[in-house]
Amino acid sequence: MIQLGDQSYALTDPPVLIGLGLIAVIVLVVLTLALRGGRQSRAMRDLTGQMGQLSDYMQALGTGQTQLGANIRTVAEAQSVAQTHVLGTMERRLAEVQERMKETLTGSAEKSAKQLTALQERLATIDRAQTNIEKLSGDVLSLQDILSNKQRRGLFGEIQLTDIVGKALPADSFTLQHTLSNGKRADCLVHLPNPPGPIVIDAKFPLEAYEALAAAETRELQSNALRALGYAVRKHIRDIAEKYIIEGETADGAIMFLPSEAVYAELHARLPEVVRAGFDARVWIVSPTTCMATLNTMRAILKDARMREQAGAIRTALKQLHRDVEIITEKAGRLETHLRQAGEDVAGVLTAATRASKRADRLDNFDFEELPSVADSDPLPLAPRRASGQD
């Protein structure tokens with residue numbers, strides 16, 4: 001370090017090194033001129049002037065270096081302040097970014113959790129629906145197996161008929177699988193009063209013909225399938241009329257139960273002549289809906305018949321009730337007479353008791369000193385004797 005007044009200069013600074021080099025050169029020059037003597041005095045003067053200028057340059061250089069140091073310190077302080085401000089700003093922004101990221105991540109996590117929960121619920125719903133679909137598929141396959149077999153299909157119609165009849169009629173008003181006198185077994189026999197008498201309900205299901213009609217694509221195929229459906233239904237009508245209408249045993253008509261609303265609607269819409277053929281044969285075709293309405297009508301008929309059957313018993317019971325009321329009225333009159341007589345007896349007893357009480361009071365207050373003469377006193381009259389039955 002070199003101390004010049006209030007300024008300190010480091011030996012490693014470039015200006016200091018340059019100045020020291022110049023001083024060394026000047027010193028060498030001065031020594032050289034001193035050795036040569038006075039012949040060079042003029043050169044010394046010039047050298048002295050140059051040394052003065054060099055001193056001025058060195059002073060200006062020191063001043064510039066001082067200013068440069070001050071500027072460097074100012075810049076360093078400004079840089080430190082700016083760095084501190086930048087670091088603080090960056091820290092705040094980083095904290096804000098971290099907070100936003102945290103909020104975003106938290107919201108995303110909650111949203112993802114909700115979405116996962118909803119997804120799990122939907123998957124569970126889909127699993128249940130898949131299970132129901134598989135079960136329904138199994139039921140449909142079972143139903144197809146039932147309907148593909150004639151015997152099972154007949155059993156299906158009988159089960160449906162049994163369910164409808166059991167809901168519409170009392171249990172004692174019908175018989176299932178009833179065997180008639182001709183040996184034929186009816187699906188259901190409703191015990192209606194005469195007229196019309198017991199009526200048979202038999203279940204029929206022309207499924208093959210209806211499926212062929214539904215699957216027909218051309219007009220010709222539809223016509224053939226419709227004709228086959230009409231033939232199948234006509235055959236069922238003839239069978240029912242021949243087997244289940246017996247004079248003197250059953251009603252003069254029977255009911256054919258179709259366990260399909262679609263087949264019933266197809267008959268009435270496109271085969272009205274078949275329905276009329278059933279009317280002519282006294283075989284009425286019903287579907288599950290119309291069968292329920294028909295059975296409700298039969299129920300009203302059964303109720304009316306049972307009320308008529310019970311009308312005689314009701315009249316007999318009313319007569320007996322009237323006789324009982326007359327007997328009760330007669331006995332009530334007698335009881336009223338006895339009660340009235342008893343009331344009169346009680347009144348007579350109370351009257352006698354009152355008189356006896358008064359006489360007892362007189363005897364209790366009787367004064368022998370004031371007793372009048374026997375001739376002047378009236379004997380105490382006795383109460384008249386009541387007739388028998390009144391005391």
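The values are calculated or read from the model by the stated rules, or taken from the named source; none is laboratory data. From a predicted model like this one, the values you see are computed outputs, not experimental measurements. Reconstructed Cβ throughout: ideal geometry from the backbone, glycine too, with neighbour counts over all protein chains shown.
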| message | For segment 251-258, check the following and say yes or no: at least one residue is under 26 Å from D163 (Cβ atoms), under 38 Å from the mean Cα position of the chain (by Cα) and either outside the structural domain of L189 (by TED's automatic domain parsing) or among the acidic types (D, E) (or both). | response | no
| message | Anything in segment 267-298 that is out of contact with any Leu (no Cβ under 7 Å at 6 or more places or on another chain), farther than 16 Å from L192 by Cα and surrounded by 21 or more Cβ atoms within 10 Å (Cβ to Cβ)? List them, or say none. | response | L267, G278, V283
| said: Please return the ranges of strands (runs of 3 or more DSSP E) entirely within segment 161-209 where 1 or more residues are basic (K, R) and surrounded by fewer than 16 Cβ atoms within 10 Å (Cβ to Cβ). | reply: 185-190
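Count, please, the residues in segment 250-266 that happen to be surrounded by 14 or more Cβ atoms within 10 Å (Cβ to Cβ) and not in a strand (DSSP E or B).
Taking segment 250-266 and keeping what is surrounded by 14 or more Cβ atoms within 10 Å (Cβ to Cβ), we get 250-251, 253-260, 263-264, 266.
Restricting the remaining residues to those that are not in a strand (DSSP E or B) gives 250-251, 253, 258-260, 263-264, 266.
Within segment 250-266, residues that are surrounded by 14 or more Cβ atoms within 10 Å (Cβ to Cβ) and not in a strand (DSSP E or B) number 9.
In this structure, is L302 assigned to a helix (DSSP H, G or I) and over 28 Å from A228 (Cα atoms)? Break it down stepwise before answering.
Numbers: assigned to a helix (DSSP H, G or I): yes; over 28 Å from A228 (Cα atoms): yes.
So L302 passes the test.
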